[in-house]
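*Asks:* First the structure, then my questions, so here it is.
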There are 2 protein chains.
Amino acid sequence: MTVIAVETKVLNENQRLAAELRERFARAGTLVVNLISAPGSGKTRLLERTLELLPDGVRAAVLTGDIQTDADATRLARFGYPVRQITTGGTCHLDAKMIGHHLEGWDLEELDILFIENVGNLVCPSSYDLGEAAKIVLLSVTEGEEKPLKYPSIFFKSKLILITKADLLPYVPFDLEIAKKNARSVNATAEIIVVSCQSDEGLAGWMEWLGSVSFARD
Amino acid sequence: MTVIAVETKVLNENQRLAAELRERFARAGTLVVNLISAPGSGKTRLLERTLELLPDGVRAAVLTGDIQTDADATRLARFGYPVRQITTGGTCHLDAKMIGHHLEGWDLEELDILFIENVGNLVCPSSYDLGEAAKIVLLSVTEGEEKPLKYPSIFFKSKLILITKADLLPYVPFDLEIAKKNARSVNATAEIIVVSCQSDEGLAGWMEWLGSVSFARD
């Protein structure tokens, strides 16, 4: 019982901080998306291609989370946008407090869009609201089409489901239609886009989705 | 501080139960291995091939963990060995209490080897001792060679590192030598075996490793 009480308290405190963040983001007109997936589903690669494809004049920034290393921040900083690494040192998810702390010194009024790349984990990050406008879950075709059923919480909470690494479809036993059906059974309204950052399949649709959410705010 | 105190208490209680399990396993002569990886790295597929390849007369059983669904137990039960699903209902890892509970009614004296397939998560399961003789971490070649650096805890604690889905190497940007170097930098002594359950590459080495640990006990 004590454990559950403390967990509830932690989540309640996170919810309070996330609500504050959400209000700050709304006031500044900053769209915030929270990318969540298993390790190695291609979050960082997607962000690399996204930063390359962003229309001129869009002011973007990235917060990227990992247990250890600043490898992803180094990869993403090459595109000229502000990037900060959040190294959790063992914690299995990002929380609202970490986000608030790592935003210090950034003027949100100057940001149209903030990408948050969560720690690679399909379970725990789904419980922690970061004040984002949308959670986005990535599922790579190498992981198997049953994952939405096995990890329903994050698929249920996401506004967009990106099925990644579509270029590997010929080489893996992954049935795209079953994967979509499984995703639909958990979340009937989320958009589903199939992408590949190798072949660029679906990236136009992804950028369009991003634009329809973010740039509609102007 | 309260959170840390409760976490410590939970982990201490788990450690106590895991020590009891370890003693039971040793007394019964049951080898227990704890398979850990990201979602979709191929734990269930490896277990399917392993059960097919087990020498006649080896008495094996499987406990397989997932947040939701009993899909893996259904897959694994086809091979005629006792299999039980542990559905955690949201919890991101297996713990010693779950293992103890799901062993009820099984006579460990009748089991040479117990495979535990953990929840797909490269972070949290590494903190929970299940009384196993060895943790085994799986890293699929689709996930990227930097994962041992980003998730050092589980790579550090594993006695064997299985690099899976080697048949996909021609199609993904994965440098096997860098992956091994990264794994070595976190864990200098673990054995590393490269396998594919599509081409059967490395499976003989994996079965040999398993035999060297388990059947040496007779």
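What follows draws every value from the coordinates through simple rules; no lab data is involved. Being a predicted model, the structure only gives us computed values, none of them experimental. Heads up, the Cβs are rebuilt from the backbone with ideal geometry, glycines too, and the neighbour counts pull from every protein chain shown.
*Asks:* How large is the helix-only mean residue ellipticity at 222 nm for the protein assembly as shown, computed as the sum of -39500 (n - 2.57) over DSSP H runs with n ≥ 4, divided by its residue count, in deg cm²/dmol to the nearest 500?
*Replies:* Computed mean residue ellipticity for the protein assembly as shown: -11500 deg cm²/dmol.
*Asks:* For segment B:95-146, what D do you get in µm² per second when you plug the Kirkwood radius from alpha-carbon pairs into Stokes-Einstein at 4 °C and 1.567 mPa s?
*Replies:* Result for D is 98 µm²/s.
*Asks:* If you take all C-alpha pairs in chain A, what percent of them are over 31 Å apart?
*Replies:* 17 percent
*Asks:* What does the convex hull of the alpha-carbon atoms of segment A:1-125 project to on average, in nm²?
*Replies:* Projected area, direction-averaged: 7.9 nm².
*Asks:* What's the center-to-center distance, using Cα atoms, between segment A:6-22 and segment B:75-100 in Å?
*Replies:* Computed from Cα coordinates, the inter-centre distance equals 32 Å.
*Asks:* Which one, A:118, A:14, A:34, has the greatest fluctuation when you compute a Gaussian network model over chain A with C-alpha springs under 10 angstrom?
*Replies:* Looking only at A:118, A:14, A:34, the biggest GNM fluctuation is shown by A:14.
*Asks:* Moving on. Could you calculate, for segment A:75-161, the ratio of the Cα radius of gyration to the Kirkwood radius, expressed as Rg to Rh?
*Replies:* With Rg and the Kirkwood Rh in hand, the quotient comes to 0.98.
*Asks:* How large is ³J(HN,Hα) for each residue in segment B:62-67, as worked out from phi by the Karplus curve 6.51 cos²θ - 1.76 cosθ + 1.60 (θ = phi - 60°), to whole Hz, x for Gly and Pro?
*Replies:* 10, 10, 10, x, 7, 5
*Asks:* To make sure I understand, if each residue's beta carbon is the centre and we count other beta carbons within 10 Å, what order do A:107, A:70, B:200 fall in, fewest to most?
*Replies:* A:107, B:200, A:70
*Asks:* To continue, here is another question. Counting other C-beta atoms within 10 Å, which of A:130, B:111 has the fewest, and how do the rest follow?
*Replies:* The order, fewest Cβ neighbours first, is B:111, A:130.
*Asks:* Using each residue's phi in segment B:45-61, evaluate 6.51 cos²θ - 1.76 cosθ + 1.60 at θ = phi - 60° and report the 3J(HN,Hα) Karplus result to the nearest Hz, with x for Gly and Pro.
*Replies:* Here the 3J(HN,Hα) series is 4, 4, 5, 4, 5, 5, 5, 5, 8, 4, x, 3, x, 6, 9, 10, 8 Hz.
*Asks:* Ok, one more. Please average, across the residues of A:30-41, the number of beta carbons from any other chain that are within 10 Å of each residue's own beta carbon, and give a whole number.
*Replies:* Going residue by residue through A:30-41 and averaging, the value is 4.
*Asks:* Continuing with this model, one more query. How far, in nm to one decimal, is residue B:59 from itself in the other copies if the label point is set 7 angstrom along Cα toward Cβ? Shortest first, please.
*Replies:* 7.1
*Asks:* Residue-wise, which Karplus ³J(HN,Hα) couplings in Hz belong to segment B:157-165, taking 6.51 cos²θ - 1.76 cosθ + 1.60, θ = phi - 60°, and x for glycine or proline?
*Replies:* Coupling constants for segment B:157-165: 8, 8, 8, 9, 10, 9, 8, 9, 6 Hz.
*Asks:* Another question about this same structure. Once the label point is set 7 Å along the Cα-to-beta-carbon vector, what list of distances in nm do you get between residue A:78 and its counterparts in the other copies?
*Replies:* Result for residue A:78, in nm, nearest copy first: 4.2.
*Asks:* If you don't mind, there's one more thing I want to ask. Sort out for me the Cα centre separation of segment A:158-209 from segment B:126-186, rounded to whole Å.
*Replies:* The distance from the Cα centre of segment A:158-209 to that of segment B:126-186 comes to 26 Å.
*Asks:* Please report, for residue A:91, the nm distances (one decimal) from its label point, 7 Å out from Cα along the beta-carbon direction, to the equivalent points in the remaining copies, shortest first.
*Replies:* 2.3
*Asks:* Here's something else I'd like to know. Take the eigenvalues of the Cα gyration tensor for segment A:113-218, scale each by 5, and report the square roots as semi-axes in whole Å, largest first.
*Replies:* Largest first, segment A:113-218 gives 22, 18, 13 Å.
*Asks:* Over chain A, what is the relative contact order in percent, taking alpha-carbon pairs closer than 8 angstrom and at least six residues apart?
*Replies:* Computed value for chain A: 24 percent relative contact order.
*Asks:* Something else now. By counting other Cβ atoms within 10 Å of each Cβ, how are B:165, A:9 ranked from fewest to most?
*Replies:* Fewest to most other Cβ atoms nearby, the residues stand as A:9, B:165.
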